[in-house]
1. Quick one: which residue in Gly130, Gly157, Gly142 is more than 16 Å from Leu196 (Cα to Cα), more than 13 Å from ligand 1 (Cβ to nearest atom), part of a loop (DSSP other than H, G, I, E, B) and not polar (S, T, N, Q)?
2. Taking the condition modelled with pLDDT of 90 or more and part of a helix (DSSP H, G or I), does Lys188 pass?
3. Answer yes if at least one residue in the stretch 72-92 is within 13 Å of Val198 (Cβ to Cβ), assigned to a loop (DSSP other than H, G, I, E, B) and without any contact (Cβ under 8 Å) to a residue 60 or more places away in the chain, and no otherwise.
4. Could you identify the single residue in Gly23, Gly10 that is part of a loop (DSSP other than H, G, I, E, B), crowded, with 18+ Cβ neighbours inside 10 Å and either of a type outside the set (Lys, Arg) or on the phi < 0 side of the Ramachandran plot (or both)?
5. With assigned to a helix (DSSP H, G or I) and either at pLDDT below 95 or crowded, with 17+ Cβ neighbours inside 10 Å (or both) as the only criterion, which of Ala269, Ala288, Ala249 stands out?
6. Looking only at the stretch 47-80, how many residues end up being over 16 Å from Leu5 (Cβ atoms) and either within 21 Å of the chain's Cα centre (by Cα) or surrounded by 11 or more Cβ atoms within 10 Å (Cβ to Cβ) (or both)?
7. Give Gly129, Gly142, Gly93 a once-over and let me know the one that is small (Gly, Ala, Ser), at pLDDT 95 or above and within 16 Å of ligand 2 (Cβ to nearest atom).
8. Under 6 Å between Cβ atoms, which residue pairs at least 6 apart in sequence (or on different chains) link something in the stretch 95-120 that is near ligand 1 (Cβ under 7 Å from one of its atoms) with a partner that is among the charged types (D, E, K, R)?
Amino acid sequence: MLESLEAIKGVGDQTASKLRRAGFTTVEAVAVTPLREIMFKTGLGYENLLKITQEARKLVRIDFTTAKELWERRKGMLRCSTGSKRLNELFGGGIETQAMTELIGEYGVGKTQLCLMLSVMAQLPRSQGGLEGSVIYVDTEGTFSPERVYSIASANGLDPEQALSNVILARVYSSDHQCLIIDHLFKKCPEENAKLVVVDSMISHFRGEYVGRESLAERQQLLNQNLHKLLRLAEAYNLAVVVTNQVQANPAQFYGGNPIRPAGGNIMAHACTHRVYIRRGRKGTRVAKVIDSPYLPEAEASFLITDKGIEDMTEAS
Ligand SMILES: Nc1ncnc2c1ncn2[C@@H]1O[C@H](COP(=O)(O)OP(=O)(O)OP(=O)(O)O)[C@@H](O)[C@H]1O
Ligand SMILES: [Mg+2]
């Protein structure tokens, strides 16, 4: 599926190298990135790029499709096991590729734990619920734990050192840095055969840096751009994107409103394909609930965080 840039009609050596230098290394990246952004980053002219992007879209066939074609493409969708049968059922079989799944919840509820578990599971063969790919983990809070990946991998039948090598980490220090890294993913994902991209957490830097009402619009616009890039990435490379998000106090709850208010507002709500809210259950269990999805029913499933990662509850527990 991955063809070189020169396969695009009208792209010669020079244009190709300009595109590459700006980070657009695949036909997919050229096809799905907004023209203005490519123009800004490459310095190529508008008319020229208009033709190039149209030709690129023809190659990856993303302009007009019939519902049948979409159906065919969706059949290529893969699902990554969470390690818990109940959670997998909640997600219609596992975390989907070609989609963005958002894990929402309070601190310490297990969002990062689930991401670490998925980072191991994604490496497994398909027959074992994996995606047979590597993982790119964008860590904005410094909470990625290699020790945890090591023990989860050992417990799930993988060579732990190999499993660690298959997780490519990007420690991100600011929202600008995060934007750069997300741009870079269009190049990095095919290079590394990444089948799972984790962003933990999606908006902590944005929230920390853009404070006050006057900067809200700018923050939301940037966040929106980044979320849409991630979604395009998921579709272009048939990979799963998982992002985490915190909850914020919702004053409206005192007047009968919904007490769950994920950060990031409408932008976050609209960009993510499946939204999952995780809360603490009884006796140390966790409960995940699908709160917004185009086709998953609003249901709940309980799970446990253990030394092995994520597991189903047993009679004993
Ligand atoms: N080996 C383990 N066995 C059992 N439970 C564990 C283990 N390791 C971590 N946990 C549980 O996971 C919790 C931490 O969860 P996690 O770091 O995923 O939270 P989070 O939702 O990412 O929070 P934050 O919003 O602060 O990032 C711990 O409080 C603990 O209950
Ligand atoms: Mg966390």
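The values are calculated or read from the model by the stated rules, or taken from the named source; none is laboratory data. On a predicted model such as this, the values are computed, not experimentally measured, just so you know. Ideal geometry is used to build each Cβ from the backbone, glycine not excepted, and the neighbour counts take in all protein chains shown.
1. Values: Gly130 fails: more than 16 Å from Leu196 (Cα to Cα); Gly142 fails: more than 13 Å from ligand 1 (Cβ to nearest atom).
Just a single option satisfies the conditions, and that option is Gly157.
2. Values: modelled with pLDDT of 90 or more: yes; part of a helix (DSSP H, G or I): yes.
Spelling it out, Lys188 is indeed modelled with pLDDT of 90 or more and part of a helix (DSSP H, G or I).
3. no
4. Details: Gly10 fails: crowded, with 18+ Cβ neighbours inside 10 Å.
Going through Gly23, Gly10 in turn, just one is part of a loop (DSSP other than H, G, I, E, B), crowded, with 18+ Cβ neighbours inside 10 Å and either of a type outside the set (Lys, Arg) or on the phi < 0 side of the Ramachandran plot (or both): Gly23.
5. On the way: Ala288 fails: assigned to a helix (DSSP H, G or I); Ala249 fails: assigned to a helix (DSSP H, G or I).
On inspection, the qualifying residue turns out to be Ala269.
6. Kept after step one, since they are over 16 Å from Leu5 (Cβ atoms), are these residues of the stretch 47-80: 47, 50, 61-80.
So of that shortlist, the ones also either within 21 Å of the chain's Cα centre (by Cα) or surrounded by 11 or more Cβ atoms within 10 Å (Cβ to Cβ) (or both) come out as 50, 61-62, 65, 69-70, 72-80.
Selection size over the stretch 47-80: 15.
7. Values: Gly129 fails: within 16 Å of ligand 2 (Cβ to nearest atom); Gly93 fails: within 16 Å of ligand 2 (Cβ to nearest atom).
Only one candidate passes the filter, namely Gly142.
8. These pairs meet every condition: Gly105/Lys111; Gly110/Arg286; Thr112/Asp200.
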